[in-house]
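Trainee: If you scroll down you'll find the structure; I have some questions about it.
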Amino acid sequence: MSIQDAVLRALPGLPGAGRRQHRVARDRVRQLGLHGTGHQLPGTSHELPAARPAGTRRVRTVLVGALTPALLVVAGCSAGPASSPTPAAPGSAVASASPVPGATSGVGTPAAPTPVELVADGAPATITLGVVVSPGAPEAEGSTWVGPAQGAAVAAYRYRLGGTTVTLVTADDHGTAEGAQAAVEQLAAQSVSGIVLATGGSHVQAALSAAASHSVPVLMPYETSNELVAGGSGAWLTGLTRNRTAIALAKALKDVGSAAPLLIDAGGANPTEVAPAQVLTYTDGQDTAELVAAVTAAASSQAVDAVLVSGPAHAQATVVHALQGTGTTLPIVLTPEALSPAFPAALAEAGGSLSTPLTTVGVADHDPSALTPTEDGAALSAYLAAVRIMSEDPAAVDILDGQPFGDAAAGGADVASHDAVVALVRAAAQAGSTDPAAVGRALATLRLDHGDGLAGGDLDLTGYVALSTDAVVTLVSTNQDPGLRATSKAHPLLYWFTPKG
């Protein structure tokens with residue numbers, strides 16, 4: 001299928017699409033010169049490019065504008081005044097995407113293009129960062145975030161394109177306190193400038209203590225406990241927090257019309273801002289028959305008007321599969337662990353359906369948000385373009401075992417870990433040093449946004465809870481693939497968007 005055909009095929013699903021929209025898309029495709037299918041991205045190859053020498057400029061830059069609901073364009077532009085875009089590669093430079101039902105389309109004037117490559121002026125030529133993950137059994141503490149942590153590799157790749165070599169050293173903490181301490185000691189011995197703690201749970205306290213003893217700054221994109229950073233010990237929460245999540249979940253329940261939710265505590269406890277009408281507990285791995293009977297009884301009595309599931313991704317998937325078996329029509333709201341690709345993978349493996357409408361809360365930095373012609377959309381589009389480029393580059397590897405950055409990594413990589421790496425690199429640039437203590441001091445002075453390379457929400461690192469409160473919004477799931485990642489059906493995914501209104 002030609003790119004023009006793909007664009008036109010996407011249009012009928014757009015609200016109000018008709019002959020005029022088809023004509024506009026046809027003319028836009030012709031203007032961009034996207035008739036063929038054999039173009040190569042400028043400035044990229046199947047070999048990881050060497051870092052650009054400091055002080056030099058690229059003649060051509062890979063740029064990404066925010067996606068419209070019909071197509072994404074990555075154009076190679078000469079330095080200097082704006083010029084006509086050059087053709088771009090299908091699958092990486094151009095992706096047609098069906099609009100997500102109910103999503104805010106944000107149709108309007110596209111934002112200025114955003115470079116795929118990241119440049120940190122003043123940064124040391126080589127920066128070594130640590131990444132701590134918790135691979136293992138699906139129910140192991142912190143394992144929910146192994147897939148999303150691949151976003152760190154995307155940031156390192158983008159900096160490499162821009163001339164800064166960011167080396168990631170990964171350590172497995174096994175989801176235990178002892179393992180967390182050992183992982184940090186291992187990274188400190190390799191002179192890392194900072195650590196992305198891409199895990200969560202009670203065991204991370206041991207990692208923070210070990211990092212503090214070596215004056216190594218730590219960013220936590222997935223841990224939510226405010227108490228861990230209350231003392232200002234050189235650690236920052238850069239993602240959702242427990243308090244803000246609870247407030248957002250209360251609003252999400254209101255958004256689905258719930259005043260009397262049934263809470264199923266599957267290991268995540270009760271969000272403090274939610275007042276459930278009834279509480280059930282479930283331990284992952286147990287038989288779900290008793291849970292199903294209790295949910296059915298509560299729904300039949302009309303004592304509850306929605307279900308809130310709290311817990312790790314795998315446990316939530318087990319519960320949702322059980323709920324699907326009851327045939328309930330109650331709205332299902334999930335805690336943000338469901339944003340991990342571990343959730344749809346576990347749900348599909350259990351035989352559940354990914355088409356059930358689900359609601360959660362988080363940052364609007366998921367694939368459908370790249371469809372909005374805003375600065376947020378442009379930044380996310382650049383990130384997703386990098387994911388696609390990496391998927392097609394055999395020299396690009398994942399963070400776990402040095403395997404090619406293929407299907408699994410591309411589908412799981414998220415913005416939170418990417419932005420944690422960006423923050424550490426920006427701090428090293430601010431400090432003009434790779435010394436971890438200097439990087440930590442610089443971190444505490446930074447307020448970062450898309451102009452600094454972030455793909456997600458702004459980060460104010462002058463406080464130890466960095467993500468702004470208004471960045472946390474209600475998200476709704478769809479199993480419609482916007483087509484913005486080079487992934488296959490072998491790795492089922494859900495896509496989360498901000499509903500209208």
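Every number here is computed from the coordinates shown, using simple stated rules; none is lab data. The model shown is predicted, which means the values in this text are computed figures rather than measured ones. Note: ideal-geometry Cβ built from the backbone for every residue, glycine included; neighbour counts use all protein chains shown.
Trainee: What full-extension length gain, to one decimal in nm, is calculated for E178 and S300 as 0.36 nm per residue of separation minus the Cα-Cα distance? All intermediate terms of the calculation are to be shown ahead of the outcome.
Mentor: On the way: separation 122, 0.36 × 122 = 43.92 nm, distance 4.71 nm.
So the extension gain works out to 39.2 nm.
Trainee: Between A259 and T445, what FRET efficiency follows from the Cβ-Cβ distance if R0 is 60 Å, with the result rounded to 0.05? Walk me through the intermediate numbers first.
Mentor: Working: r = 45 Å, r/R0 = 0.74.
Step by step, r from the Cβ atoms, then E = 0.85.
Trainee: Once you have all Cα-Cα distances for region 243-363, histogram them in 5 Å bins from zero and send the whole-percent values.
Mentor: 2, 12, 25, 27, 22, 10, 2, 0
Trainee: Which whole-number percent gives the relative contact order of region 177-250, counting Cα pairs below 8 Å spaced six or more residues apart? Present the calculation step by step, with values, prior to reporting the outcome.
Mentor: Working: 104 pairs, mean separation 20.5, N = 74.
Across region 177-250, relative contact order equals 28 percent.
Trainee: Along the charge dipole of region 243-363, Cβ charges K/R +1 and D/E -1, which of P271, G327, T296 sits furthest on the positive end?
Mentor: P271
Trainee: Dividing the Cα convex hull volume of region 353-501 by residue count, how many Å³ per residue is that? Provide the component values of the computation, followed by the final result.
Mentor: Details: hull volume 20.0 nm³, N = 149.
Dividing the Cα hull volume of region 353-501 by its residues yields 134 Å³.
Trainee: Taking H as built 1.01 Å from N, whose amide H comes closer than 5 Å to the amide H of L308, not counting residues under 5 places away?
Mentor: Hits under the 5 Å cutoff: L262, L263, I264, V333.
Trainee: Using 7 Å Cα-to-Cβ label points, what is the S233/N270 separation (nm, one decimal)?
Mentor: In this crude spin-label approximation the distance works out to 3.0 nm.
Trainee: Could you state the principal axis extents of the C-alpha atoms in region 179-337, from the largest down, to the nearest angstrom?
Mentor: Result for region 179-337: principal-axis Cα extents of 59, 30, 17 Å.
Trainee: With a sphere of radius 15 Å drawn around the Cβ of A350, what net charge do the other residues whose Cβ falls strictly inside it have (Lys, Arg +1; Asp, Glu -1)? If you can, show how the numbers build up before the last one.
Mentor: Numbers: positive: none; negative: E139, D284, D287, E349.
It works out to a net charge of -4.
Trainee: Then there is this: Please report the spacing between the Cα centers of region 113-151 and region 340-411 in Å, no decimals.
Mentor: If you average the Cα positions of each part, the centres end up 14 Å apart.
Trainee: Say a paramagnetic label sat at a point 7 Å from the Cα of T283, along Cα to Cβ; which residues of region 123-141 have their backbone N under 20 Å from it?
Mentor: Once the point is set 7 Å along Cα→Cβ of T283, 137-141 turn out to lie under 20 Å by backbone N, inside region 123-141.
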